[in-house]
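Report on one structure; see the data block that follows.
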Amino acid sequence: MKILKKLGRTIGYFLLIMLLFQSCRVYQGQKSTLDEAVQLEKRVKIRTLDGVTLKFKKVEQNDKGYYGIYTSKGTILQTPIDENNIEALHFHNKAMSIIGTSFIGLVCLVYVVIIIVF
């Protein structure tokens, strides 16, 4: 019985740590343009003049204008982007996303270890 309790507690802590290491995305503070987004092919976050936030895997341009590419339920979709309705466009900052996720997970891990020891 003690072994089952200890195993259950260990599995619980493992699942908690895995949950805390889930990824988060950090975006750069400086504003960019749609042309830069097309050229760099990075993830972008667009805030419209209406206050709506749109997130895309990348932005593409063709004869008709700009399109935001995203995935929904395994299907790749594209949405037209009105360049006159953009308040701000920010690129995904991969390095800070990794650092932020790791730091939060590490702090939680230390907290769990302190709880177990004391």
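Computed from the coordinates by the stated procedures, all read-outs in this text should not be read as laboratory data. Just so it is clear, the structure is predicted and the values come from calculations on it, not from any experiment. Reconstructed Cβ throughout: ideal geometry from the backbone, glycine too, with neighbour counts over all protein chains shown.
Miscellaneous remarks
- Along each principal axis, taking the top coordinate minus the bottom one, the Cα set of region 33-75 gives 29, 24, 20 Å in descending order.
- Between Lys64 and Glu87, the simple spin-label model (points 7 angstrom out along Cα→Cβ) gives 2.8 nm.
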